[in-house]
Amino acid sequence: MIPRLAILISGRGSNMLALLRACRVGELRGLCEPCLVLSSDPQALGLAAAESLDVPSRAVSARGLGRRAYDLALLEALESVQPDWIALAGFMRILGPAVVRRYAGRVVNIHPADTRQHQGLHGYAWAWEQRLDETRVTVHMVDEGLDTGPILAQRSVDLRGATCLDDVERRGLAVEHCLYPETLRALLAGELPPFTAPRGAA
Ligand code: GRF
């Protein structure tokens with residue numbers, strides 16, 4: 001059976017759309033099928049976009065829920081679709097241990113910087129403020145830390161001549177939209193080493 005991919009978002013969802021496109025007509029075709037787009041924000045633009053493409057989608061709002069309660073809500077939603085792989089694509093929550101352990105070695109994330117240099121939010125603002133000539137976007141496995149999981153792939157973004165933060169982000173996203181499906185393809189094709197244990201696990 002074709003592996004099932006759940007994509008977790010919180011906003012615009014441009015990486016989610018790149019992954020869906022790759023599943024339908026690109027490098028992920030035949031390698032996995034989207035089983036769910038899940039958003040932590042019911043108002044997320046990406047959620048409406050997924051709906052319009054007839055991809056199963058739902059919001060699991062974090063509003064009013066503590067971290068553990070949210071993790072349980074997430075687990076329940078994920079278990080109902082039985083994903084083989086989970087791709088975080090601008091998901092603005094840190095996955096708790098219950099979720100990471102349940103899907104250990106099967107959760108990936110895309111980060112708009114080199115995770116060894118910059119973790120957390122605002123990766124492009126970080127690059128712009130330092131007037132970097134080049135930044136690097138990263139696809140990595142998700143462990144229990146904040147952007148600390150094993151790096152699967154990185155790609156350089158040329159920032160020479162960038163005129164503003166929007167320009168930096170535009171250039172970066174163009175690279176992300178290629179790197180994410182390509183890396184997922186390599187992972188699913190078994191071309192990358194398996195990562196089964198989250199860092200720190202016994
Ligand atoms: C991307 O820059 C991604 O690297 C980061 O969050 C942003 C999400 O953008 N994790 P989008 O929702 O995929 O357009």
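The values are calculated or read from the model by the stated rules, or taken from the named source; none is laboratory data. Being a predicted model, the structure only gives us computed values, none of them experimental. Note that we place each Cβ from the backbone using ideal geometry, even for glycine, and neighbour counts take in every protein chain shown. We work out accessible area using only protein heavy atoms, side chains counted, and drop any ligands, DNA or RNA first. Shrake-Rupley method; radii C 1.70, N 1.55, O 1.52, S 1.80 Å.
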### Query
Which listed residue (78, 173, 39) has the Cα farthest towards the positive end of the charge dipole for the chain, taking +1 on Lys and Arg C-beta and -1 on Asp and Glu C-beta about the Cα centre?
78
#### Entry: Estimated FRET transfer efficiency (residue 76, residue 156; beta-carbon r; R0 41 Å; 0.05)
0.55
### Query
By how many nm would the segment from residue 33 to residue 131 grow when fully extended, if each residue of separation counts as 0.36 nm and the alpha-carbon distance is taken off?
31.3 nm
### Query
With θ set to phi - 60° and the Karplus curve 6.51 cos²θ - 1.76 cosθ + 1.60, what are the ³J(HN,Hα) couplings of the range 167-182 in order, to the nearest whole Hz, using x for Gly and Pro?
5, 4, 5, 4, 5, x, 5, 4, 6, 4, 5, 8, 5, 5, x, 4
#### Entry: Cα-centred dipole magnitude for the range 73-186, charges only on beta-carbon of K, R (+1) and D, E (-1), debye, nearest 20
160 debye
### Message
Given the -39500 (n - 2.57) contribution per DSSP H run of 4+ residues, what per-residue ellipticity at 222 nm results for the chain, rounded to the nearest 500 deg cm²/dmol?
### Response
-10500 deg cm²/dmol
#### Entry: Farthest toward positive dipole pole in the range 1-104 [+1 Lys/Arg, -1 Asp/Glu at C-beta], among 88, 18, 65
65
## Note on the structure
Subtracting the Cα-Cα distance of residue 167 and residue 4 from 0.36 nm times their residue separation yields 55.2 nm
### Message
What does the C-alpha gyration tensor say about the overall shape of the range 1-105? Classify as rounded when a/c is under 1.5, otherwise prolate if a/b is larger than b/c, or oblate.
### Response
oblate
#### Entry: Accessible area, probe 1.4 Å, largest first, for residues 177, 122
122, 177
### Tensor-based shape of the chain (alpha-carbon gyration tensor, a/c under 1.5 rounded, otherwise prolate or oblate)
rounded
### Query
Which of the peptides 108-118, 27-37, 164-174 is most tightly packed, and how do the rest follow, going by the mean number of other Cβ atoms within 10 Å of each residue?
108-118, 27-37, 164-174
### Task
State the antiparallel share, in %, of DSSP beta bridges confined to the chain, rounding to the nearest 5.
40 percent
#### Entry: Within the chain: Cβ-based charge dipole about Cα centre, in debye rounded to nearest 20 (Lys, Arg +1; Asp, Glu -1)
260 debye
### Message
How long are the semi-axes of the equivalent ellipsoid of the range 71-111, taking √(5λ) for every eigenvalue λ of the Cα gyration tensor, in whole Å from largest down?
### Response
15, 12, 10
### Query
Out of 151, 124, 105, whose Cα points farthest toward the positive end of the dipole of the range 91-202 (charges: +1 Lys, Arg; -1 Asp, Glu; placed on Cβ)?
105
### Translational diffusion coefficient (Stokes-Einstein; Kirkwood radius from C-alpha pairs) of the range 100-202 at 37 °C, 0.692 mPa s, in µm²/s
231 µm²/s
### Task
Could you size up the charge dipole of the range 114-164 around its Cα centre, putting +1 on the beta carbon of Lys and Arg and -1 on that of Asp and Glu, and report it in debye to the nearest 20?
180 debye
